[in-house]
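Engineer: I'd like to ask you about the structure that follows.
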Amino acid sequence: MSRAVPADAHGWTLVRPALLDSLRKLHPRGQVRNPVMFVVYVGAWFLLALVVRDLATGRASLAGFTAAIDLWLWLTCLFANLAEALAERQGKAQAASLRATRQEVRAKRLAAPRHDAAREEVAGADLRPGEIILIEAGDVIPSDGEAIEGVASVDESAVTGESAPVIREAGGDKSAVTAGTTVLSDWLVVRVTSEPGATFIDRMIHMVESTTRRKTPNEIALGILLVVLTLVFLVVTATLYAFSWYAVHTAAHSGQVIGLTVLVALLVCLIPTTIGGLLPAIGIAGIIRLMRHNVVATSGRAIEAAGDVDVLLLDKTGTITYGNRRASAFHPVGRTSPAELAEIAGLSSLADDTPEGKSIVELARKSVPSLASALPPGATLIPFTAETRMSGVDLDREHLRKGASDAIRAHVERSGGAWPEEMDGIIHKIAAAGCTPLVVARDARALGVVELRDVVKSGIRERFARFRTMGIQTVMVTGDNPLTAATIAAEAGVDDYLAEAKPETKLARIRAYQKDGYMVAMTGDGTNDAPALAQADVGLCMASGTQAAREAANMVDLDSNPTKLLEIVEIGKQLLITRGALTTFSVANDVAKYFAILPAAFVAVYPGLGVLNIMGLSSPAHAVLAAIIFNALVIPLLIPLALRGVRFRATSATRLLRRNLWIYGLGGLVFPFVGIKLIDLLLTLH
Amino acid sequence: MTTALFLLFSILALTFLLALPLGLYAARVFAGERVWTSPLLAPLERAVYRLAGVDPANEMDWKKYATSLLLFNFAGFLFLYLILRLQPLLPLDPLHLGAVPPGSAFNTAVSFVTNTNWQDYAGETTLGPLAQMLGLTVQNFLSAAVGVTLLLPLVRGFVRHETDRLGNYWVDLTRTVLYILLPLSLVFALVLVAQGVPDTLTALVRAHLVFPFHEGAHLVRHQAIALGPVASQEAIKILGNNGGGFFNVNSAHPFENPTALTNALETVAMLLLPATLLVAFARLARAPGTAVALVIATLLFFIPLALLSAHEELSPNPRIAVLSVAQHPSPRLAGGGNLVGVDDRIGAVGCALFATAATATSTGAANCAYDSMMPLAGGVNLFLMQLGEVVFGGIGTGLASLLAFAVFAVFLGGLMVGRTPEFLGKKIETFEMKMVSLSILVMPLVVLVGTAVAVLSPAGRASVGNPGPHGFSEILYALTSPGNNNGSAFGGLDAATRFYNILTGVAMLLGRYWVYLPLLAMAGSLARKRTVPVGAGTLPTHTLTFVVLLAGSILLIGALNFLPALVLGPGADQALLMTRAAHAALVRRAAP
């Protein structure tokens, strides 16, 4: 989590360049992209023209008032630009730290997919997909790719911030290598998988830098709403001129028709400038917040979708439990002595480098201290495969195996042995306790069971409970048998589980949920997860995952931490909530602004309307000015909120709505009354 | 004020007491099920389909449905226009009232087809029994049923999923008229007749004057009293939220609304069908909780506004008060308060509550001179209409508008709970927001731009009957009422000019079709979506929080647009009244 963001990225040092940016953004081409702010922008130019006209015709006092309003209109534009610029600057700071890893590297291109093939030096940027390169100790990996030969330890801290080196090897689920990372030892032959400039890091840089982001559907819907509101208020203020004209010339025969300056000020106050000005910043900030969690989303849409998720499909291992099961007991069967079982289990695991294997050896040593520390010469290692679902060692005369009970049973019966009757009982008991039974066999004899215990992560249960109150179901996916799965599911507090899951069952389950109208998120890393990752509404792939899985997912977690999905959901929700809360606040503000400007505009025509001046503002000119100043100042006041996001609490929708209605609805109603009155008081000070 | 409270809550209680069984009945009618009236009406229904060549099993998509609706309305418009223009050539015109002028005929035809019933003419001196019965009464039934056909596809859009079928237009129309409007009107007409409302083909009776008088050289001995098929038209006028009176003075006329009882019953009848549809909605959408929330939101506006209107009408007019004229509430003064333009049998409270019901629903009937109400009471009328037919509203259209606002509220609320908004199990996305925005925000545009055009043009100002801000209120009212298909008139404004005929005619058309066709399109899009299951993360729409959100959205998005206009109309009117009264009091005190 130590993403290399400059320490000052969130502080004041970004403000100065962002201020310059916001001046630059005053170019009409930039302003026109935001319809609400464009109205303010046009209004500012219009008032500027009025000032010039009034000065030219010698009406200096009128020009002074208009100039003051105009100044604040320009500031309103600048503040909105500043919000966007600050968000972009934060993104750029992050991109810059990424780009530092992207310096020009040389690559060793191979003529054939063998590490000893003829090699030539080329620029890393020239590599095309499908080309084969050799990377040796000390080299920076020039492009994304897939290891096809060799095994190496790789320092991926440039991308993930994680300093411990990771193993990358050909075949299996750890074959993907990422551009910008460094090989520490050994070598890899890698097939390039990405186009030049489209590597993983390039995509990340592009995501945070690009200002021409595609708008998300939700943003578009909100945008329509804001544009329509703006249009209506345009008509409200335009027709108000006619109404005022009638009031002065036909109805009251006194006072003055509302001035254009006041009309423009009223328009700018009424249209939703607060949310309109902050909307782009909110979107960018959402992506940046993900980046801070070391997650790269391929689109902003994916983040929003994360907020909508109803079902989380979580792999048991790594997400719900600590990755490794540990051996906790030996259960010999029949004539087998505990020592024999321990010894054989230990022997068969000696060459097993997995944490499980190591834990078996460790436990075996406790009961058989004399256990050899290395396999005798001539022993053949039988690796675990998905088909056989067992592993072991072939000694001179003996075949030692350990594995899932049904696999070992098949193996024993195939070898002519008998399956001890009491075995099933033991297995059942272990599984019922939420542990994993691993059966050990010596040739055709089943010796007994090693009990592997899963350890549920601390705090995960509370987390799932929070999700439940938010209306999100958690489903544990595991290859374990239903009994084991049920026990762990109960211990972890998930809503449902999928036992003996194969990639197809995962996919089928996702489809079933989606058919019922649910939105599904899942994590995965293996190639066989790819279809499910693609099918899920939110697919989070581990950075350590295969290239296929990365392509299929719409988010990649650089820390390879499956628990991250939970944070992503919260970020997605927070993004929507920030938009909704600020929209509500913005619209609710209008009431106070009406009460400031309407009496100011009409008290000369109908003095009785002075009763509407409930804030007791000092003069009509001050009232209008105070409203427009408030309208402008509220934008920079809310920039931190827009960038940080509204505080999110995992709770039910009703509670959340009630809370946000109180804060942003009622607050939006009341706050401007206070703010405008305060500004009016300040204005009267001199 | 006790009377007002008692009357208001009795009216509401009776309304919902009747609406409950009626709503459950209506839900079955709309679902095409058999009901207890079927043995009598089903053969009639089948005959109508056979005659019209309609296959009732053939359901339509939203475009076909909308096209049928528009074609039907256009045909109705032509038919009515021709009847009005050709009145001298048609039978049953005993008084030889002549052809209705083209501007007025256009305006009236649009008005009755759109369920507005804005009238620029005086009924008894313009239309004979044929035009009243075949022209207006027929449209009173049909335009009310058309309102229902605007709602039903929308409800089906929420309920159905992954389909483009929204029902058969002709079936919805026929069943609404046959099973709901006709029987109800029949019963109500009989009640009215029992209370003394005439229903006859006789157009006039002559009464001998007790005191003959001279007008110029002419001695007037007789009074001609206009009669006609009043009760039958009055029943559907009120029940169907039409509001177009048989007589010029509408429900203030003793033959339309003879007693205090009919006054109360007519107030109930105005609210009855909109309330019935809320109940039917609960059943059809299987969302009783949401329906209750909608009812509460409705009453949250209706009750305070009705009480405000009654309070204003009961308060002594300060300018009369300084003249030491008694205005206190007492039976001798017919309840007291502001009795300008109010008949004794109705009283200030009866006027205020009737006016509130008439402008909350799209009825627009009047039992007193709305022009003479106190500024803020008149302002309540304006405000209720400007809310956009959401407080009860028109039959069908009211609930449709309320649902549009609910979609809007859910969008904001959904964002605030961090989830793509859903309403009644349907995701609210870009297209829905477009259509809802169109529907909600077109009405303010029509009313505001129309009013601006009227106040800026000499023809618009020439019709104004009163000086000062009250004149502005009259113009604002003359656009607000047609723009919301209400049809009530403030009076004081001469609307029978070519200028207002065209302006209000256009406002009625836009207010009807521009507002509801987008909702039909939204229904089409909603029906195609799959239904999202409800979970703890879904924003619930049956809670008090949602009611607050909905009411807030209606106020902030719907009503805020009218604040400047309301301030310059009733607001300034009231302010002027207070300053002048204070001034007069000061002068009197200064005098020895």
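The values are calculated or read from the model by the stated rules, or taken from the named source; none is laboratory data. Nothing here was measured: the structure is a model prediction, and the numbers come from that model. In this analysis, Cβ positions are derived from the backbone assuming ideal geometry, glycine residues included, and neighbour counts consider all displayed protein chains. These area figures cover heavy atoms from the full protein model, side chains too; ligands, DNA and RNA do not enter into them. Shrake-Rupley method; radii C 1.70, N 1.55, O 1.52, S 1.80 Å.
Engineer: How much accessible area per residue does segment B:182-234 have, in Å², with a 1.4 Å probe?
Structural biologist: Accessible area per residue: 62 Å².
Engineer: Once every Cα of segment A:330-375 carries one equal point scatterer and solvent is ignored, give the base-10 log of I(q)/I(0) from the Debye formula at q = 0.13, 0.15, 0.19, 0.28 Å⁻¹, two decimals.
Structural biologist: The calculated log intensity ratios at q = 0.13, 0.15, 0.19, 0.28 Å⁻¹ are -0.24, -0.32, -0.50, -0.98.
Engineer: Could you list which residues have their amide H under 5 Å from that of residue A:473, counting only those 5 or more apart in sequence or on another chain, with H placed in the peptide plane?
Structural biologist: Long-range HN contacts for residue A:473: A:311, A:312.
Engineer: From the backbone phi of segment B:72-77, what are the Karplus-calculated ³J(HN,Hα) couplings (6.51 cos²θ - 1.76 cosθ + 1.60, θ = phi - 60°) in whole Hz, Gly and Pro given as x?
Structural biologist: Result, rounded to whole Hz: 4, 5, 5, 4, x, 4.
Engineer: Determine how many Å³ per residue the convex hull of the Cα atoms of segment A:286-370 encloses.
Structural biologist: So the per-residue hull volume is 145 Å³.
Engineer: Which GluC sites (Glu not before Pro) in segment A:462-507 sit in a loop by DSSP (not H, G, I, E or B) and have at most 16 other Cβ atoms within 10 Å of their own Cβ?
Structural biologist: Within segment A:462-507, the qualifying GluC sites (Glu not before Pro) (loop, at most 16 other Cβ atoms within 10 Å) are A:500.
Engineer: When 1/r is averaged over all different Cα pairs and the result inverted, which Kirkwood radius in Å belongs to segment A:36-93?
Structural biologist: Answer for segment A:36-93: a Kirkwood hydrodynamic radius of 12.5 Å.
Engineer: Give, ordered by residue number, each residue of segment B:534-551 whose 1.4 Å probe accessible area is reduced by a minimum of 50 Å² on adding the remaining protein chains to the chain alone.
Structural biologist: The answer is B:536, B:545.
Engineer: Could you tell me which of A:38, A:115, A:87 has its Cα farthest along the dipole of segment A:23-140 towards the positive end, charges placed at Cβ (Lys, Arg +1; Asp, Glu -1), taken about the Cα centre?
Structural biologist: Result: A:38, furthest along the dipole toward the positive end.
Engineer: What does a probe at residue B:46 reach in segment B:136-172, counting residues whose amide N is under 14 Å from the point 7 Å along Cα→Cβ?
Structural biologist: none
Engineer: Here's something else I'd like to know. Tell me, what is the percent relative contact order of segment B:47-109, built from C-alpha pairs under 8 Å that lie six or more residues apart?
Structural biologist: Worked out over segment B:47-109, it gives 26 percent.
Engineer: Looking at segment B:395-433, which residues lose a minimum of 40 Å² of accessible area between their chain alone and all protein chains in place, measuring with a 1.4 Å probe and not counting ligands or nucleic acids?
Structural biologist: With the partner chains in place, segment B:395-433 has these residues losing at least 40 Å²: B:411, B:412, B:415, B:416, B:417, B:418, B:419, B:420, B:430.
Engineer: Now for a separate question. Which listed residue (B:303, B:318, B:125) has the Cα farthest towards the positive end of the charge dipole for chain B, taking +1 on Lys and Arg C-beta and -1 on Asp and Glu C-beta about the Cα centre?
Structural biologist: B:303
Engineer: Okay, next question. State, as an integer percentage, the relative contact order of segment A:558-675 based on alpha-carbon contacts under 8 Å between residues 6 or more apart.
Structural biologist: 44 percent
Engineer: Starting from the amide H of residue B:60, placed 1.01 Å from N in the peptide plane, find each other amide H under 5 Å away whose residue is 5 or more places distant or on another chain.
Structural biologist: B:166, B:167, B:168, B:169
Engineer: Enter the mean projected area of the convex hull around the alpha-carbon atoms of chain A, in nm², rounded to one decimal.
Structural biologist: Averaging across all directions leaves 37.8 nm² for the Cα convex hull.
Engineer: While we're on this one: Find the eigenvalues of the gyration tensor of the Cα atoms of segment B:1-159, then list the square roots of 5 times those eigenvalues as equivalent ellipsoid semi-axes, largest first, in whole angstrom.
Structural biologist: 32, 26, 16
Engineer: Rounded to the nearest 500, what is chain B's calculated 222 nm mean residue ellipticity when only DSSP H runs of at least 4 contribute -39500 (n - 2.57) each, over all residues?
Structural biologist: Helices in chain B give a 222 nm mean residue ellipticity of -19000 deg cm²/dmol.
Engineer: Right, next: Return one whole number: the accessible area per residue of segment A:565-645 in Å², for a 1.4 Å probe.
Structural biologist: Using a 1.4 Å probe on heavy atoms only, each residue of segment A:565-645 averages 23 Å².
Engineer: Suppose every Lys and Arg Cβ carries +1 and every Asp and Glu Cβ carries -1, with no other charges. What dipole size does chain B come out with about its Cα centre, to the nearest 20 debye?
Structural biologist: That gives a dipole near 920 debye.
Engineer: Can I ask one more? Could you work out the mean count of beta carbons from other protein chains within 10 Å of each residue's beta carbon in A:305-311?
Structural biologist: 4
Engineer: List, by residue number, every residue in segment A:227-261 with a reduction of 30 Å² or greater in accessible area between the chain on its own and the complete protein assembly, 1.4 Å probe.
Structural biologist: SASA drop of 30 Å² or more in segment A:227-261: A:228, A:229, A:232, A:235, A:236, A:239, A:242, A:243, A:245, A:246, A:251.
Engineer: Give the residue list of chymotrypsin sites (Phe, Trp or Tyr not before Pro) in segment A:374-478 that are DSSP loop and have at most 12 other beta-carbon atoms within 10 angstrom.
Structural biologist: For chymotrypsin sites (Phe, Trp or Tyr not before Pro) across segment A:374-478 that sit outside H, G, I, E and B with at most 12 neighbouring Cβ atoms in 10 Å, the list is empty.
Engineer: A further question on this structure: Which angle from 0 to 90°, rounded to the nearest 10, does the C-alpha axis of helix A:482-492 make with the longest principal axis of chain A?
Structural biologist: 40 degrees
Engineer: Amide H of residue A:180 versus every other amide H placed in the peptide plane: which residues, excluding those fewer than 5 positions away on the same chain, fall under 5 Å?
Structural biologist: A:141, A:143
Engineer: In addition: So for chain B: antiparallel DSSP bridges make up what percent, rounded to the nearest 5?
Structural biologist: 90 percent
Engineer: Under the rule that an exposed site lies in a DSSP loop and has at most 11 other Cβ atoms within 10 Å, name the longest stretch of chain B with no GluC sites (Glu not before Pro) of that kind, not counting the sites themselves.
Structural biologist: In short, B:163-592.
Engineer: Follow-up. Which of the three applies to the protein assembly as shown, rounded, prolate or oblate, going by the alpha-carbon gyration tensor with a ≥ b ≥ c and a/c under 1.5 meaning rounded?
Structural biologist: prolate
Engineer: Counting only protein heavy atoms and using a 1.4 Å probe, what share of the accessible area of the protein assembly as shown belongs to carbon plus sulfur, as a whole percent?
Structural biologist: Carbon and sulfur atoms account for 63 percent of the accessible area of the protein assembly as shown.
Engineer: Apply the Karplus curve 6.51 cos²θ - 1.76 cosθ + 1.60, θ = phi - 60°, to the phi angles in segment B:156-162 and return the couplings in whole Hz, x for Gly and Pro.
Structural biologist: With coefficients 6.51, -1.76 and 1.60, one gets 5, x, 6, 7, 7, 9, 6 Hz.
Engineer: Which of the three applies to chain B, rounded, prolate or oblate, going by the alpha-carbon gyration tensor with a ≥ b ≥ c and a/c under 1.5 meaning rounded?
Structural biologist: It is oblate, given that a/c is not under 1.5 and a/b is not larger than b/c.
Engineer: Given R₀ = 51 Å, FRET efficiency for residue B:221-residue B:580 by Cβ-Cβ distance, to 0.05?
Structural biologist: Plugging the Cβ-Cβ distance into 1/(1 + (r/R0)^6) gives 0.70.
Engineer: I've got another one for you. Using only protein heavy atoms and a 1.4 angstrom probe, determine the accessible area buried between B and A, summed over both sides, in Å² to the nearest 100.
Structural biologist: Approximately 5100 Å², summed over both chains.
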